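Below is one structure; the comments refer to it alone.
The values are calculated or read from the model by the stated rules, or taken from the named source; none is laboratory data. Since we're looking at a predicted model, the values are computed, not measured. A quick note on method: Cβ atoms are made from the backbone with ideal geometry, for glycine too, and the neighbour counts reach across all protein chains shown. Accessible surface areas use protein heavy atoms only, side chains included; no ligands, DNA or RNA. Shrake-Rupley method; radii C 1.70, N 1.55, O 1.52, S 1.80 Å.
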Amino acid sequence: MDNLARLAKPSTFTCPECHGTLWEIQDLRPQRFRCHTGHAYTAASLVTLQDDKVEDAVWSAMRALHEREMLLRTMAEEALLHKHVELAAEYTAQAGKAHEDAEVLRRLMTHKTSGHQK
Ligand SMILES: [Zn+2]
């Protein structure tokens with residue numbers, strides 16, 4: 001650890017694998033990073049891993065929005081069954097909003113992956 005502190009300075013980045021602070025090795029080009037656990041990255045490998053992390057986050061946000069939409073539509077039907085028309089309309093509007101948000105993310109991902117095939 002002392003060794004790391006001598007050779008490197010703490011960066012603003014976190015290790016994609018253990019979420020510890022990444023230390024930037026000083027005076028090295030291309031930039032290299034290490035965490036206390038021993039994971040090591042070049043700037044390029046870090047960028048790739050961050051990209052994967054962003055993609056995973058977007059996909060999980062899309063799944064959450066889809067579930068939210070489904071749940072709200074069920075709640076709307078339930079409300080209609082009990083003649084709560086305004087409540088049903090409110091749920092339906094929220095479901096529509098969740099659908100739109102998911103669409104925005106889907107377009108973002110389509111745009112993103114069209115650049116580099118995976
Ligand atoms: Zn690590």
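Any idea which of (1) in a loop (DSSP other than H, G, I, E, B); (2) at negative phi; (3) away from the ligand (no atom under 16 Å from the Cβ); (4) open to solvent by 80 Å² or more (accessible area, probe 1.4 Å) is the one W59 doesn't satisfy?
It fails just one condition, (1).
Check off (1) under 30 Å from L4 (Cα atoms); (2) touching a residue at least 24 places away in the same chain (Cβ under 8 Å); (3) of a type in the set (V, I, T) for V58 and give me the number that stays unchecked.
(1)
Of everything in the stretch 14-40, what is open to solvent by less than 60 Å² (accessible area, probe 1.4 Å), touching a helix residue (DSSP H, G or I) at 6+ places or on another chain (Cβ under 7 Å) and more than 9 Å from the ligand (Cβ to nearest atom)? Give them in sequence order.
Of everything in the stretch 14-40, those that are open to solvent by less than 60 Å² (accessible area, probe 1.4 Å), touching a helix residue (DSSP H, G or I) at 6+ places or on another chain (Cβ under 7 Å) and more than 9 Å from the ligand (Cβ to nearest atom) turn out to be W23, I25, F33.
Name the residues in the stretch 12-54 that are assigned to a strand (DSSP E or B) and more than 21 Å from the chain's Cα centre (by Cα), would you? Let's see the steps before the verdict.
Taking the stretch 12-54 as the starting set, the residues that turn out to be assigned to a strand (DSSP E or B) are 12-14, 21-25, 32-34, 40-42.
Within the stretch 12-54, W23, E24, I25, R32, F33, R34, A40, T42 meet the criteria.
Within the stretch 13-30, count every residue that is under 24 Å from A57 (Cβ atoms) and of a type in the set (S, T, N, Q).
So the count comes out to 2.
Only one residue in L71, L87, L108 is closer than 26 Å to P16 by Cα and not assigned by TED's automatic domain parsing to the domain that holds P16, so which one is that?
Numbers: L71 fails: closer than 26 Å to P16 by Cα; L87 fails: closer than 26 Å to P16 by Cα.
L108 is the lone residue from the list that is closer than 26 Å to P16 by Cα and not assigned by TED's automatic domain parsing to the domain that holds P16.
State all residues of the stretch 64-86 that are in contact with an Asp or Glu (Cβ under 9 Å, 6 or more places away or on another chain) and surrounded by fewer than 17 Cβ atoms within 10 Å (Cβ to Cβ); if no residue qualifies, say none.
H84
Hey, any hits in the stretch 65-78 for a residue that's closer than 30 Å to C15 by Cα and part of a loop (DSSP other than H, G, I, E, B)?
Scanning the stretch 65-78, I find no residue that is closer than 30 Å to C15 by Cα and part of a loop (DSSP other than H, G, I, E, B), so the answer is no.
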